[in-house]
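Enquirer: So that we are looking at the same thing, I have put the structure below in structure tokens.
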Amino acid sequence: MLLEVKKIDAGYGFLQILRKVSLEIDKGEYVCLVGPNGAGKSTTLKTIAGLIKPMAGEILFEGHPITGLPGNKVARRGISYVSEEMNLFVNMTVQENLYMGAYTVRDKKLQKERLDFVYNLFPRLAERRGQLAGTMSGGERKMLAIGRGMMSSPTLMLVDEPSFGLAPQLTETVFDSLEILRNSGVTIMLVEQNVTKTLEVTDRGYVLENGRIQLAGKSSDLASDPHVRKVFLGV
Amino acid sequence: MSNNPTVSAVEWFKSAAGLTISLAVIAALAATIDRGPYILVNTVVTGGMLSLVAMGLALVFGVMNIPMFAHGEYFMIGTLVAYYVFTPMNGYIDQHTGTLAAALLPLVAIIVAGLAGGVMGVLTEKLVFSNLRKRSRENWVMNSFLLTVGLSVVLINLHQLIFGTEFKGIVGYWRGAPLSIMDVFISRDRCMAFVLAAVMVTAFWLFMTYTRTGRAIRAVSQDETGALIVGIDLNGILLLTMSMSCALAAFAGASLLFMYPSYPSVGLEPLYMAWFVVILAGLGNVLGAVVGAFIVALLKVLTVEYIGSGWEFVVPSVLIIIILIFKPSGIFGSEVRGILDK
Ligand SMILES: Nc1ncnc2c1ncn2[C@@H]1O[C@H](COP(=O)(O)OP(=O)(O)OP(=O)(O)O)[C@@H](O)[C@H]1O
Ligand SMILES: [Mg+2]
């Protein structure tokens, strides 16, 4: 197993959101986490990424415990988190932001290779390389956040709602880029509102409701599950 | 935004920053023609040192969101350490004027004082702010502000208890006749104070712009979570920031020991002046602080010259109040405006 999350409880201050959440991801898998608003999907990703310390439970990455490690150490282990809020460096240019994504990569040649890879994937970013991140459109910023997340050649990418607020065409671009990434061997855990599309492209999925994992299984099975259809697809 | 250079130049002159800088330059030139070049010289020397203190203040606010009111005490620590390091060397320097050692020993005292400030910064972050941060980040700006006020009181009183209230000053660092610049005689110490400030500002700017660590500091000031996500050691950067900014203040204090003898509350004046600067320039705007320092220095020099000494705090204070009412984000705008909104 690449990532094992074992019965974690997590939340904010005294407010507990996640209750005994367990999930596993194998190397190379494309896994999704879906659930209604406020279910705790982002909280789950933040806990794995080390931005929130779990109150209980254990997280193993490549067999080693990473529970309670600060975010920067988790990042150095090879987990890249693309947050819902993007957390870009607004007063830096697109290219500076991308290079910051490769902060842990000291090899200049490798950095350049990653940059070319990202520019290839998102030609729009290459066009805007000199623009300040803070002045980019919402869609461009999403691309930049994903691009920055790829710069460190992560083993596992946690991507939180990459298509939120994007026009259908851009949504396609984003899903395509995740597909390319996955084909290049990166393991992806995706949180998405667009459940139909997400269950189409991913291998497996978890359904989170009220901070608990309600269902888990192959994405194709989940797509035809009566409960999922009722809650997410409105049928 | 326009790509046409003439149009953007005109726009810049019309902006608050352009207007202020242009006005300041005109005022400086007019006063220089009216009263003589010493106005310009005084402004440049005062501004240089003030920029060191103000830069640290802007940095601590921009990166750590701490409105630092104990910054003057690191200036004080600088004067104190420089005094105790330099005084024993004084006799030797008197006997060996003109030698290389006599020229370098003052530098040793100033550098040691700067390093001592850096160490005090580390202790401050480790003992005070990191503990507050662990406890709670709610109401951070207010809580950390109150802590810095307390810290200031503690440091001032510690100085008083341990070293007493008398002035601990020196006659001068560098021996020799004053240098004549534009027909103005200025002491070697003043010249050196400006040179040292210029070197520090340049070095600091290069560090922030071109080094990996400098970029990490800027990243933290723009988005802490983003910085963590890309693998930046947040606590390390916060520690370094506090240490650097205290070192800058101590370095400034040490270089100015010939003007400001060490006593418990010697840091208050530079602190107020530096706060004028960062409010003028925009909180957290580190490079703006350098320009702002020269503007405030000019204001101070002109006030003393034309209105009389004793007014040099009144005029800038009034100006600051006006700025806070009409342009609360400062003339150059702040990179970290969002922090106060959060
Ligand atoms: N910083 C915070 N402080 C306190 N409570 C929070 C914080 N962030 C989120 N919450 C609460 O935690 C719960 C779960 O939030 P989370 O962001 O994990 O949900 P989500 O499943 O990602 O929802 P969405 O689909 O809307 O993004 C919500 O009730 C939310 O109000
Ligand atoms: Mg969410």
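Enquirer: Mind listing the long-range amide H neighbours of A:GLY57? Cut-off is under 5 Å, sequence gap 5 or more, other chains count too, H placed in the peptide plane at 1.01 Å from N.
Expert: Close amide H contacts, sequence-distant or interchain: A:ASP9.
Enquirer: Something else now. Ordered by residue, what ³J(HN,Hα) values in Hz, to whole numbers, does the range A:158-169 give under the Karplus form 6.51 cos²θ - 1.76 cosθ + 1.60, where θ = phi - 60° and Gly and Pro are x?
Expert: 9, 10, 9, 6, x, 9, 4, x, 9, 5, x, 5
Enquirer: Once phi is turned into ³J(HN,Hα) by the Karplus curve 6.51 cos²θ - 1.76 cosθ + 1.60 with θ = phi - 60°, what whole-Hz value does each residue of the range A:3-20 show in order, with x for glycine and proline?
Expert: 10, 10, 9, 10, 6, 8, 9, 8, x, 10, x, 8, 7, 8, 10, 8, 10, 6
Enquirer: Using alpha carbon coordinates only, what is the Rg to Rh ratio of the range B:15-326, with Rh defined as the Kirkwood radius?
Expert: A ratio of 0.97.
Enquirer: Within the set of other residues whose C-beta is less than 13 Å from the C-beta of A:THR67, count the net charge using Lys and Arg as +1 and Asp and Glu as -1.
Expert: +2
Enquirer: Given labels modelled 7 Å from the Cα in the Cβ direction, how far is it in nm from B:ARG175 to B:VAL10?
Expert: Each label point is offset 7 Å from its Cα along the Cβ direction, giving 6.1 nm.
Enquirer: Add +1 for every Lys or Arg and -1 for every Asp or Glu among the other residues with Cβ under 12 Å from the Cβ of A:GLY185, and state the total.
Expert: Within the 12 Å Cβ shell, the charges total +1.
Enquirer: Rank the residues B:MET89, B:MET182 as a footprinting-exposure proxy: fewest other Cβ atoms within 10 Å of their Cβ go first. Could you put the intermediate results ahead of the total?
Expert: Details: B:MET89 16, B:MET182 11.
Listing B:MET89, B:MET182 from fewest to most nearby Cβ atoms yields B:MET182, B:MET89.
Enquirer: Working from the alpha-carbon coordinates of the range B:1-122, get Rg over Rh, Rh being the Kirkwood radius.
Expert: Result: Rg/Rh = 1.14.
Enquirer: Rounded to the nearest 500, what is chain B's calculated 222 nm mean residue ellipticity when only DSSP H runs of at least 4 contribute -39500 (n - 2.57) each, over all residues? Mind dumping the intermediate values first?
Expert: Working: 15 runs with 252 residues, N = 342.
One gets -24500 deg cm²/dmol as the mean residue ellipticity at 222 nm.
Enquirer: Lysines near A:LYS109 by alpha-carbon distance under 30 Å, same-chain residues fewer than 8 away left out - which ones?
Expert: A:LYS27, A:LYS73, A:LYS142
Enquirer: Taking Cα centroids, how far is the range A:157-180 from the range A:99-156 in Å?
Expert: Computed from Cα coordinates, the inter-centre distance equals 15 Å.
Enquirer: Considering chain A as a Gaussian network with a 10 Å cut-off on Cα pairs, which listed residue, A:SER152, A:SER219, A:SER184, attains the greatest mean-square fluctuation?
Expert: Ranking A:SER152, A:SER219, A:SER184 by mean-square fluctuation puts A:SER184 first.
Enquirer: Let me ask something else about it. Once amide H atoms are built 1.01 Å from N in the peptide plane, which residues 5 or more positions from A:TYR206, or in another chain, come under 5 Å H to H?
Expert: Under 5 Å from the amide H of A:TYR206: A:CYS32, A:LEU33, A:VAL34.
Enquirer: Going through the range A:48-136, which trypsin sites (Lys or Arg not before Pro) have at most 13 other Cβ atoms within 10 Å and a DSSP loop state?
Expert: A:ARG106
Enquirer: Can you sort B:CYS191, B:CYS246, A:CYS32 by how many other beta carbons sit within 10 Å, fewest first? Show your work: numbers first, answer last.
Expert: Values: B:CYS191 16, B:CYS246 31, A:CYS32 24.
In order of increasing Cβ crowding within 10 Å: B:CYS191, A:CYS32, B:CYS246.
Enquirer: Bin by bin, in steps of 10 Å, what percent of the Cα pairs in the range A:178-235 do you find, going until the bin that has the longest distance?
Expert: 21, 55, 20, 3
Enquirer: While we're here: Give me the count of lysine pairs in chain B whose alpha carbons sit under 27 angstrom apart, restricted to pairs 8 or more positions apart or on different chains.
Expert: Qualifying lysine pairs in chain B: 8.
Enquirer: Using only the Cα atoms of chain A, what do you get for the radius of gyration and for Dmax, in Å?
Expert: Answer for chain A, Rg first and Dmax second: 17.2, 52 Å.
Enquirer: Still on this structure: With the Cα gyration tensor of the protein assembly as shown giving a ≥ b ≥ c as the square roots of its eigenvalues, does the rule (a/c under 1.5 for rounded; else a/b larger than b/c for prolate; else oblate) give rounded, prolate or oblate?
Expert: In terms of gyration-tensor shape, prolate.
Enquirer: Another question, then. Hey, can you grab everything whose amide H is under 5 Å from the amide H of A:GLU29? Only 5+ residues off in sequence or another chain; H modelled, so Pro and N-termini drop out.
Expert: Those qualifying (amide H under 5 Å, at least 5 residues apart or on another chain) are A:ILE188.
Enquirer: Over chain B, what is the mean sequence separation of C-alpha contacts under 8 Å (at least six apart), divided by residue count, expressed as relative contact order in percent?
Expert: 34
Enquirer: While we're on this one: Taking the Cβ of A:LEU15 as the center, what net charge do the other residues with Cβ under 15 Å away carry, scoring Lys and Arg +1 and Asp and Glu -1?
Expert: Summing Lys/Arg as +1 and Asp/Glu as -1 gives +1.
Enquirer: Related question: Exposed loop chymotrypsin sites (Phe, Trp or Tyr not before Pro) only (DSSP loop, at most 15 other Cβ atoms within 10 Å): please give the longest stretch of chain B free of them, not including the sites.
Expert: B:1-166
Enquirer: Would you tell me the mean number of C-beta atoms belonging to other protein chains that fall within 10 Å of each C-beta in A:78-91, as a whole number?
Expert: Rounded to a whole number, the mean comes out at 4.
Enquirer: Separate question: Which three semi-axes in whole Å describe the equivalent ellipsoid of the range B:222-313, each the square root of 5 times a Cα gyration tensor eigenvalue, listed largest first?
Expert: Semi-axes from the Cα gyration tensor: 32, 18, 9 Å.
Enquirer: For the protein assembly as shown, give me the percentage of DSSP beta bridges that are antiparallel, rounded to the nearest 5 percent.
Expert: Of the beta bridges lying entirely in the protein assembly as shown, close to 60 percent run antiparallel.
Enquirer: If R₀ is 22 angstrom, what is the calculated FRET efficiency for the pair B:VAL195 and B:MET259, using the beta carbon separation as r and rounding to 0.05?
Expert: 0.90
Enquirer: Kindly work out what percent of the DSSP beta bridges joining two residues of chain A are antiparallel, to the nearest 5.
Expert: In chain A, approximately 55 percent of DSSP beta bridges are antiparallel ones.
Enquirer: Let me check against my output: what whole-number percent is the relative contact order of chain A, with C-alpha pairs under 8 Å and at least 6 apart? Can you show the working numbers first?
Expert: Values: 451 pairs, mean separation 61.0, N = 235.
Value for chain A: 26 percent.
Enquirer: Using θ = phi - 60° and the Karplus curve 6.51 cos²θ - 1.76 cosθ + 1.60, what whole-Hz ³J(HN,Hα) does each residue of the range A:121-133 get, with Gly and Pro shown as x?
Expert: After applying 6.51 cos²θ - 1.76 cosθ + 1.60, I find 6, 10, x, 4, 5, 5, 4, 9, 4, x, 7, 5, 4 Hz.
Enquirer: Using Cα centres only, tell me the gap between the range A:1-75 and the range B:185-222 in whole Å.
Expert: 42
Enquirer: Report the label-to-label distance for B:LEU23 and B:VAL315 in nanometres (one decimal), using points 7 Å from each Cα along the Cα→Cβ vector.
Expert: Going from the B:LEU23 label point to the B:VAL315 one covers 1.3 nm.
Enquirer: Which helices pass in chain B if a helix is a full DSSP H run, must span at least 27 angstrom along its long axis by Cα, and must have mean Kyte-Doolittle hydropathy not below 0.0?
Expert: Both cut-offs are met by B:16-35, B:38-64, B:71-95, B:100-124, B:140-163, B:188-210, B:234-255, B:286-306.
Here, each number is a calculation from the coordinates, and none is a lab measurement. Remember, it's a predicted structure, so these values are computed and weren't measured experimentally. For neighbour counting, all protein chains shown are included, and Cβ atoms are generated from backbone atoms with ideal geometry for every residue, glycine included.
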